[in-house]
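Chemist: Questions regarding the structure given below will be posed in turn.
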Amino acid sequence: MPFALSRRAALALPAALAVPVVRAQAPVTITVHYAQPFIFKESYDAIAEAFAKREPNIRIEWLTTPNYEEGMQLILRQAATNQLPDLSYQGFNRLRLFAERGIAQDLLPLLRAEGDPAALGYTPGILALAHFGGFQSGLAYAASNPITYYNADLVRRAGGDPDAMPTDWAGHIRLAARIKALGDGNEGMFFRWSGDDWMFSALLFGHGGRMLTKDERDIAFAGREGLESLRLIDAMVKQGGMANLSTQAAQQAFAAGKLGLFYWTTAVVRGTIQQVGSNFALRTGPMPVIDAAKGRLPTGGAAGMLTARDPAKRDAAWKFLRFSTSAEGTALMVQNTGYVPMNQIAIDDPRFLGAFYRDNPLYTAAVRQVPISIPWYAFPGANSVRVTQTMVDNIARVVEQRATPDQVLPDMAAEVRRLLPRRA
Amino acid sequence: MSLALGTAARPRLSAGAMEALAGWALMLPATIAFLAMLLLPTLATVLLAFTDYELGAAAPAWIGLANFADMLTDRGLRTSARNTLAYVGIVAPASVLGGLGLALLVEAGARGRAFFRAVFFLPVVSLSVAMASAWQYLLHPTIGPLNAELRALGLPTPFWLSSSDTVLLSLAAIGIWENIGFTMVLFMAGLTAIPRELYAAAAVDGARGAWDRFRLVTWPLLGPTTLFVVVISLVRALRVFDTVAVLTQGGPNKASEVLLWTMYQEGFTYLRLGYSAAITLVFLVVVLALMALQTRVLDRRVHYG
């Protein structure tokens, strides 16, 4: 017996030695791209540091673009010249374009190889956020939803209660009118309708509406939900006194304490805290509720998409993508941005973020809205970005009071319909 | 060895050929740079303009004049062309006349000539993107100094950069501010080139007062300068992009959409590089035509050699 054991051990020894030799790959360098370093840099640095301890043989070279748009251009250019990075984090609404142009790869087989995705924290809802073009084109890294930022001092001066804010739009609009009535250049509210269709979809989804029909053959926003959404914007202007500000102007006015209520993404929570400093008491809250049962909110943010072709690099890039979206990576991301965690384990297990949210209550408004958040709708076809601009241009007519919601909605519907892919 | 080669080679080339060779060698770097950085990209753009190339899509197809036909019916492009014309129509004359006025004033002043020249020229050398941020603050509807003044005076406070009524005017004002120092310096150079004796001669011939001097001597002799300034102002105004990109992104509802911004949007946001190249080509033709036409037509009438 002792002999047999030692002999077996002797036989196993080379095998045991060989395993780490085989598994410890030669050092690999991967190129990882992400956008908006002013928001994300600290989170990626923290994750890369933790990752380096686990995978010392994987070196990362970073590539950044100031915004998602330039990030998209970069990847499309690199794809044309065969110089793609190995991993790229892109805005959710751009993923569809990469999926349709054959640049993104299906991640589900890789995920399945590691076991049940849900057990790893990737619930169906989380996977759906980066499911475009009919396959799992990315893994959600950071998610945001729209929240209310408010200036508690102005709310109080206007006779409101910062601890018991109105929960519906009618209440918010009345409060905004009272803040504007304080005079002295104070503005009541700003709903960030410009730039893209994201905030408009917050109103549309809030009514339980949707952009296109289920089969994506025709628009679905031209009905009651779309009309009510435009009427809400109209009411913000007419009754809430919403001024026609640019996004930057609104942010500056808010930070200067001259704007009462500001509705935009939770992604800017960290930046807003820094800008406001001690100018006034900053609070955050959920979006006003439109339809408590059917109402939903859009999800913004970024997802990692795998673009590596070389097997060794692809393997290494996948490992980083997995780590960055694991419970541990997600917790690091949350603490270094203003985004919502995208791994169910990190959400459920208080070990990861419990203490952080206790100490930083301004970050919790968005987390509480996660249950009603659905994917940011990306339009199909080559004109997807132009559709977004068309909607924004039409909403501008309502904000500038050049046309009524009843006039704008049919125009918007007709113009968007022309831009949808023609199918037999 | 090399010496031997050198002496052996020399007799075969005449002095003139050597000089020509040296000339070509000296021109080579600039020629390569011109070819690689200007001519070849321009030719590539011309070719792209006749394709349906989209960034990231399959190989481009030759579609002939379809892009140009599209341009004729593109409502966005028409708005953009109209806005650009309006912008040029405000900025170019204002910076030519304003620059002339400033040049005359500064030139007439006894002291502080260098100071005023520097003050008015400063906007030309400053980075327009950085300056746009400063303008954004100045014109900020609620916390900006301009509207604070207006509010104090009890006047209406427009949303300078976010209302479609005022956005183009605000951008034009920034454009004038950027260009006026440039035209001023050009006019000042033109003014110093006018011989003093002509003013004396005009006085002898009975020219009285500043207006006569300007009308009879300064203005005619500034002809070549004025022609140059007019053309350069038109082209500079036509090229407006930075302020639009930083301040308004063409909004609201295309009220500040200008040609170069449309070209950028089409090519890099909507990814239609072929169409974008077609717009670029038209833009290039307009600029070249402008320069050719102005020089040809006006050259005869303003030349006092």
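Since every read-out is calculated from the coordinates, none of them should be taken as a lab result. Being a predicted model, the structure only gives us computed values, none of them experimental. No Cβ is skipped: glycine too gets one built from the backbone with ideal geometry, and neighbour counts run over all protein chains shown.
Chemist: Rg/Rh for the protein assembly as shown to two decimals, with Rh computed the Kirkwood way over all alpha-carbon pairs.
Modeler: Details: Rg = 31.7 Å, Rh = 29.9 Å.
Reported Rg/Rh, Kirkwood definition of Rh: 1.06.
Chemist: State which entries of A:K214/A:K319; A:K53/A:K313; A:K258/A:K294; A:K41/B:K254; A:K214/A:K238 exceed 25 angstrom in Cα-Cα distance in the structure shown.
Modeler: A:K214/A:K319; A:K258/A:K294; A:K41/B:K254; A:K214/A:K238, as the Cα separations exceed 25 Å there.
Chemist: Right, something else. Please rank B:M27, B:M71, fewest neighbouring Cβ atoms within 10 Å first, as an exposure proxy.
Modeler: B:M27, B:M71
Chemist: Across chain B, where is the longest run that never hits trypsin sites (Lys or Arg not before Pro) in a DSSP loop with at most 12 other C-beta atoms within 10 Å?
Modeler: My reading of the result: B:1-110 is the longest stretch.
Chemist: Can you tell me the mean projection area, over all orientations, of the convex hull of chain A's alpha carbons? Units nm², please.
Modeler: Approximately 24.8 nm², given one-decimal rounding.
Chemist: Run through the DSSP bridge list for the protein assembly as shown and note the antiparallel percent, rounded to the nearest 5.
Modeler: 60 percent
Chemist: A further question follows. Report, in debye and to the nearest 20, how large the dipole of the protein assembly as shown comes out about its Cα centre when Lys and Arg carry +1 and Asp and Glu carry -1 on their Cβ. Numbers along the way, then the final one.
Modeler: Values: 64 positive and 54 negative charges, 127 e Å.
With only Lys, Arg, Asp and Glu charged at Cβ, the dipole is about 620 debye.
Chemist: Once both labels are modelled 7 Å past Cα along the beta-carbon direction, what's the B:V286-A:T81 spacing in nm?
Modeler: The two pseudo-label positions are separated by 3.0 nm.
Chemist: Mind checking which of A:G381, A:G304, A:G240 has the largest fluctuation in a GNM of chain A, springs on alpha carbons under 10 Å?
Modeler: Comparing A:G381, A:G304, A:G240 in the GNM, the peak value goes to A:G381.
Chemist: Here is a follow-up. Hey, fewest Cβ within 10 Å first, where do A:E225, B:E266 land in order?
Modeler: Ranked by crowding around the Cβ, least crowded first: A:E225, B:E266.
Chemist: Where does each of A:K313, A:K238 land when they are ranked from fewest to most other beta-carbon atoms within 10 angstrom?
Modeler: Ordered by Cβ neighbours within 10 Å, fewest first: A:K238, A:K313.
Chemist: In addition: Other chains near A:386-398: what is the mean number of their Cβ atoms within 10 Å of each residue's Cβ?
Modeler: Other-chain Cβ atoms within 10 Å of each residue's Cβ, averaged: 3.
Chemist: Can you give the calculated 222 nm mean residue ellipticity of chain A, where each DSSP H run of n ≥ 4 adds -39,500 (n - 2.57) and the sum is split over every residue, rounded to the nearest 500 deg cm²/dmol?
Modeler: That comes out to -14500 deg cm²/dmol.
Chemist: So, one more: If you plug each phi of the range B:176-186 into the Karplus form 6.51 cos²θ - 1.76 cosθ + 1.60 with θ = phi - 60°, what whole-Hz ³J(HN,Hα) values come out, in order, with x for Gly and Pro?
Modeler: Coupling constants for the range B:176-186: 4, 4, 6, 8, 5, x, 5, 5, 4, 5, 5 Hz.
Chemist: Report the full-extension gain for the segment B:A22 to B:A200: residue separation times 0.36 nm, less the Cα-Cα distance, to one decimal in nm.
Modeler: Stretched fully, the B:A22-B:A200 segment lengthens by 59.1 nm.
Chemist: Continuing with this model, one more query. How far is helix A:224-238 tilted off the main Cα axis of chain A, in degrees rounded to 10, range 0 to 90?
Modeler: It works out to around 60 degrees.
Chemist: Further, regarding this structure: Quick query: amide H of A:G260 versus all other amide H atoms, modeled in the peptide plane; which residues come in under 5 Å with a sequence gap of 5 or more or a different chain?
Modeler: Sorted by chain and number, the residues that satisfy this are A:E187, A:G188, A:M189.
Chemist: Choose one answer from A:G160, A:G183, A:G241: the residue with the largest mean-square fluctuation in a GNM of chain A with alpha-carbon springs under 10 Å.
Modeler: A:G183
Chemist: Once you average over the residues of B:246-255, how many Cβ atoms of partner chains fall within 10 Å of each Cβ?
Modeler: Partner-chain Cβ atoms within 10 Å, mean over residues of B:246-255: 5.
Chemist: Also, I was wondering about something else. Which whole-Hz ³J(HN,Hα) couplings does the range B:142-148 yield from phi under the Karplus relation 6.51 cos²θ - 1.76 cosθ + 1.60, θ = phi - 60°, glycine and proline marked x?
Modeler: 10, 10, x, x, 4, 6, 4
Chemist: Angle, helix A:2-23 long axis vs. longest principal axis of chain A, Cα atoms, 0 to 90°, nearest 10?
Modeler: Once rounded, one gets 40 degrees.
Chemist: Given chain B reduced to its alpha-carbon atoms as identical point scatterers, what log10 I(q)/I(0) does the Debye formula return at q = 0.08, 0.15 Å⁻¹?
Modeler: Values, matching the q order: -0.55, -1.23.
Chemist: Given the options A:A414, A:A327, A:A142, state which has the largest fluctuation in a GNM of chain A using a 10 Å cut-off (strictly under) for Cα springs.
Modeler: In this elastic network of chain A, the residue with the biggest mean-square fluctuation among A:A414, A:A327, A:A142 is A:A414.
Chemist: Shifting gears a bit: Compute the FRET efficiency between B:T295 and B:F68 as 1/(1 + (r/R0)^6), taking r as their Cβ-Cβ distance and R0 = 30 Å, and round to the nearest 0.05.
Modeler: According to the calculation, E is roughly 0.65.
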